[in-house]
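Everything on this sheet refers to the single structure shown next.
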Amino acid sequence: MAVGVKDVYAIRQKLVSRGEAGSPATMGQILRGYLGKRYIFDESASLNDLARYLKDGELIITHGWFTSSGHVICLDGLKEGSSRLTFNVKDPWSEFDGPSWSYNKPAVHFYDGFYSDKIIYAACVAGTSRWDAATRYRGESIKYDLPQAWAHRILP
């Protein structure tokens, strides 16, 4: 989606051929090759940063602890409430369910919808493992300025 290639497995093969598929550095090499100067990597983004990038029309690829090994999703929009944010997500696996901390429809194979700021915070910003992210989701209050997410920023 981010680079105009619909074959996820071809992209994964390209990533594996250059190093660890989930490594931000490996992903950055591939993205820079496709996008040139339209690509920026931010290794310490906060929820506030992610929201600002999305408001500026950027597409964000980020890593989250949705699975034991981690998982990559795209953020491409934002809804703002009175005190909360909801992120428009493109998840190539399926829809993620925060309360059960699991994918509840793995047969879907693509989800285009919204995840709460609490899910994005726990999985993509504050969490350090699947277990840690699930624990933070259930109990920790959101720190919108915590700079711990990595964001592959694709400029409009």
Task: Cα lying deepest toward the dipole's positive end in the chain, options PHE41, TYR9, ALA126, charges on Cβ - done: TYR9
Task: Estimated dipole of the chain in Debye, rounded to 20 [Cβ of Lys and Arg +1, of Asp and Glu -1, Cα centre] - done: 260 debye
Task: With Cα atoms, 0 to 90° folded angle of helix 130-139 axis to the chain main axis - done: 30 degrees
Open item on the list: Tell me which of LEU85, LEU31, SER116 sits at the most positive position along the dipole axis of the chain, charges placed on C-beta atoms (Lys, Arg +1; Asp, Glu -1).
Closed with: LEU31
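For the stretch 31-115, what does the equivalent ellipsoid look like in terms of its semi-axes, each the square root of 5 times an eigenvalue of the Cα gyration tensor, given largest first in whole Å? Can you show the working numbers first?
On the way: eigenvalues 98, 61, 28 Å².
That gives 22, 17, 12 Å for the three semi-axes.
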TODO: Any chance you could list the semi-axes, whole Å, largest first, of the equivalent ellipsoid that the Cα gyration tensor gives for the chain, using √(5λ)?
DONE: 23, 18, 15
Open item on the list: Using a Gaussian network model on the chain with a 10 Å cutoff between Cα atoms, which of SER46, SER82, SER129 fluctuates the most?
Closed with: SER82
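Using only DSSP helix segments of four residues or longer, with each worth -39500 (n - 2.57), what per-residue ellipticity at 222 nm results for the chain after dividing by its residue count and rounding to 500? Walk me through the intermediate numbers first.
On the way: 5 runs with 46 residues, N = 156.
After summing the helix terms and dividing by the residues of the chain, the value is -8500 deg cm²/dmol.
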- [ ] Output ³J(HN,Hα) for the stretch 141-156: one whole-Hz value per residue in order, computed from phi by the Karplus curve 6.51 cos²θ - 1.76 cosθ + 1.60 with θ = phi - 60°, and x for Gly and Pro.
- [x] 6, 6, 10, 5, 9, 5, x, 10, 8, 9, 10, 8, 9, 10, 6, x
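Coordinate-derived values only; no laboratory data. Computed from a prediction, not measured in an experiment: that's the story for all the values here. Cβ: placed from backbone, ideal geometry, glycine included. Neighbour counts: every protein chain shown.
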